[in-house]
Each structure stands twice: as structure tokens, then as C-alpha cells.
Amino acid sequence: MKPLASAQTRLEHLDDGRLRLSIVHDVLHGVTPSMLVWWFTHLEGVMEFEGAHHERYRIWHPHDHVSLRYAKRSGAGIGPGSVFHITEYLGRNPDHLVDVHTRVERLDEGGFRHRPRVAGLSPVVMDYRFTRVPGGTLYENSLVLGFAHRAARPLNERLRRRFIPDAKGHAWLLHNVEEVGNLEFFLPRLIEAESGRGPTRVALPG
């Protein structure tokens, strides 16, 4: 997977107490925005790797990812209104468990936005932007925790300390750089195999 230094990352404490994590990733070579839409609508299921079948979600980040399921679909597919149930450990650290249901607000070739629900609230917005560039896709994303109002500062600071202290924020940045960067190493071949005739077999580098 790509190293942290391959991307531009920032952790910011905003004036109203919110936390903002943002990343401008290295270009995803050979990956188009339409491939990214396909990926987020086909996260469930298995793929064959080194003679064994593995959950696709685990291949995406073999160290941190635990499971993903579509807890709710929008109509017959996956899109705005769908709910993902995501379980993962950021940085392979048991103290950085993420186990959330998150509601999709946008999913198209321009980007992906969803809102995880924690403690009965939806104080987190995760926003992804896809831009087609020569040779691939520029992938930019951010996570913002808290409510956009100065009066909410005390609440925002409590939310930050409880759910995403700085150590967990830095772990999220590394995790995201690793998983997004990993897409170029398997996604084009997975889609090619899925569109062919026969079982999905993908040989990953290394």
C-alpha cells in the first residue's frame, strides 16, 4: 500500500471546536471515477486471491478491515439512502475501533458522501471528491466531526475527545491513504474479471 508521504494530509481543530481531517491522495493510476462508483456499490462479496477466497473488503485493507455489509439498500441498488455497516480497526489498534452505521447522501462519478451515526447522532460528515485526470483519478476526501456553530464548541470538543482524539485522527489519515492507494493495485483487474466470463480471480502484486 502507498505510504502516508504519498498524499497531502491535514488534521485541523476549527474555531468552533470541530475536527477536520483532509487528504489529497496521489493519483489513482488506471482507475476512473466510474470504477470508484462500481466499487462502492460492489463492496460485498468475495474475490479469489492466491488460491483462496477472501472478502473484498478485507482485500481493500488486509490489516485494518474487519467487515462491511449493506444494512439498507435504496430501491434495488446502492445509492443515496443506503446504509453501510462498517467495522475496522484503524492502524491495527484495538483502541481505534470503528463500528458504525453510515448513511449515504451522494454516490456518483463526482464523489461520495456519507454520515456515520454515533451515540444516536450524526455529527460526522465524510466527503469524497473524484476528478478525472490524465492517467487516472484525483481522489480527495475529508472527515469533519462536530456541528457548524460557535455555540456548539463545548459539545464539539467533547465529541472530539470521546470519538476521535488526535491519535485516532492520525491513525485515520494513515488508514485512508493506505486503503485508497491500494485501489489501483487490484480494482481495474477485479472489474475486468467481473465483466468477463468465469470466476473472479485477481492476482495482486507482492
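Overview of values
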{"read-out": "Residue ID - farthest from His54 (Cα to Cα), chosen from residues in the stretch 164-194 that are open to solvent by less than 50 Å² (accessible area, probe 1.4 Å) and aromatic (Phe, Trp, Tyr)", "value": "Trp172"}
{"read-out": "The stretch 119-132 residues that are closer than 17 Å to Trp39 by Cα and of a type in the set (S, T, N, Q), paired with ones that are open to solvent by less than 60 Å² (accessible area, probe 1.4 Å) and not in a strand (DSSP E or B) (beta carbon under 9 Å, 6 or more apart)", "value": "Thr131/Pro33; Thr131/Gly110"}
{"read-out": "Qualifying residue in the stretch 73-87 (condition: more than 24 Å from His25 (Cα to Cα), charged (D, E, K, R) and without any contact (Cβ under 8 Å) to a residue 12 or more places away in the chain)", "value": "yes"}
{"read-out": "Top-ranked residue in the stretch 135-158 [being among the hydrophobic types (A, V, I, L, M, F, W, C) and touching a Leu at 6+ places or on another chain (Cβ under 6 Å); ranked as surrounded by the most Cβ atoms within 10 Å (Cβ to Cβ)]", "value": "Leu145"}
{"read-out": "Residue match in the stretch 53-75 (condition: of a type in the set (D, E, K, R), on the phi < 0 side of the Ramachandran plot and assigned to a helix (DSSP H, G or I))", "value": "yes"}
{"read-out": "Any hit, the stretch 80-97, residues being part of a strand (DSSP E or B), modelled with pLDDT under 95, open to solvent by less than 30 Å² (accessible area, probe 1.4 Å) and under 25 Å from Ala167 (Cα atoms)", "value": "no"}
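The values are calculated or read from the model by the stated rules, or taken from the named source; none is laboratory data. If you're wondering where the values come from, they're calculated on a predicted model, not measured in any experiment. Cβ coordinates were reconstructed from backbone atoms using ideal geometry, including for glycine residues, and neighbour counts include every protein chain displayed. Surface areas here come from the heavy atoms of the whole protein model, side chains and all, with no ligands, DNA or RNA. Shrake-Rupley method; radii C 1.70, N 1.55, O 1.52, S 1.80 Å.
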